[in-house]
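In what follows, a structure is listed as structure tokens, so that the remarks can point back to it.
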Amino acid sequence: MLEAHLNPDWDAASRRHSFIESSVEWLESIIPPGSKILDLGCGPGLYTMRLSNAGYDVTGMDFSRRSIAYAKEHDTKTRYIYHNYLEMDYAEEFDAITLIYCDYGALTPDERKALLSKIHRALKPDGLFIFDVFTERTHTGKCDNTSWTYYENGGFWCGKPHLCLEAEYYFEKNTVRVNKTVIVTEENIREFMIWDTAFNKHTLLDEVNPFRFQLLGIYDDVCGSKYTGESDTLCLVLKK
């Protein structure tokens, strides 16, 4: 997984580095200089390092020990915290909070509600919350399917030779997807379940509106691309 984050040309665990560079440039254009930023699900620090180098006071939070260890080793400007962001507890501490690469849709409805409440509380007055989701276009025309692959030299889930069994299922008129992956090695069998909820502009706004945010902007992606409604992603900029 860490390798997938760090590969500059792979949109697996993190976006391609060229996209990240463009995204950070856009974030710099909307977040005032010197702001205190919290990046949720920061991974190995691909965004946080760049934001710190741009002069922001940055904290990164992630629930992956390996990613946080890597980030701490390679970036001394940023504060890194190994923690489940669903359990964070801040009060009016940050000028901006980011949640990037569609983590929001991987949460359950109750988790999303709890997180929105915590983010609102953690932001200073007029603080910004910037996040993205996958849109329903990513599920269009998709149906339940299964596959298997043998990786002789290791792959995304495991560095050793292994058999990868995958099943993908769709629910709620194709707006909810679950990807079940079973990894079989000589030593053990591991199972991973990844859920993803896709949104459109209306369903996403319906979900955030009860939490007293003001909508500042809606975009096709976290590079600030003009909203067309035809992108695989959707980005909101909200103000407390």
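What follows is calculated from the coordinates using simple rules that are stated; it is not laboratory data. Every value quoted in this text rests on a predicted model; they were computed, and no experiment measured them. Cβ placement follows ideal geometry from the backbone for every residue including glycine, while neighbour counts extend to all protein chains displayed.
Structure notes:
- Qualifying GluC sites (Glu not before Pro) in segment 142-240, where qualification requires a DSSP coil assignment and no more than 14 other C-beta atoms within 10 Å, comprise E152, E172, E186, E187, E230.
- Note on S29 and N209: their simple-model spin labels are 2.9 nm apart, each label 7 Å out from Cα toward Cβ.
- DSSP-loop trypsin sites (Lys or Arg not before Pro) across segment 185-221, with at most 15 other Cβ within 10 angstrom: R212
- Given R0 = 35 Å, the distance between the Cβ atoms of F192 and E92 translates into a calculated FRET efficiency of 0.45.
- Legend: residue pairs K142/K201; K113/K142; K180/K201, Cα-Cα distance threshold 24 Å; pairs beyond threshold, K113/K142; K180/K201.
- Dmax and Rg, reported as Rg then Dmax, of segment 35-108 (C-alpha, Å): 11.5, 35
- Geometric extent, Cα atoms of segment 38-164 - Rg, Dmax (angstrom): 17.4, 53
- Working note: Debye formula, equal point scatterers on the alpha-carbon atoms of the chain, no solvent; log10 I(q)/I(0) at q = 0.15 Å⁻¹ is -1.12.
- Counting neighbouring Cβ atoms within 10 Å and putting the fewest first, the residues T135, T175 line up as T175, T135.
- Here the extension length gained between E111 and S225 equals 38.2 nm, from 0.36 nm per residue of separation less the Cα-Cα distance.
- Simple point charges give the picture: +1 on the Cβ of Lys and Arg, -1 on the Cβ of Asp and Glu, and for the chain a dipole about the Cα centre of about 480 debye.
- Per-q log10 I(q)/I(0), segment 138-197, q = 0.17 Å⁻¹ (Debye; single scatterer per alpha-carbon; no solvent): -0.60
- Rounded to the nearest 5, the antiparallel percentage of DSSP beta bridges internal to the chain is 65%.
- Here the simple spin-label model places points 7 Å from the Cα toward Cβ, and for E73 and N200 these points are separated by 4.7 nm.
- Value of Rg/Rh across segment 106-240 [Cα atoms, Kirkwood radius]: 1.07
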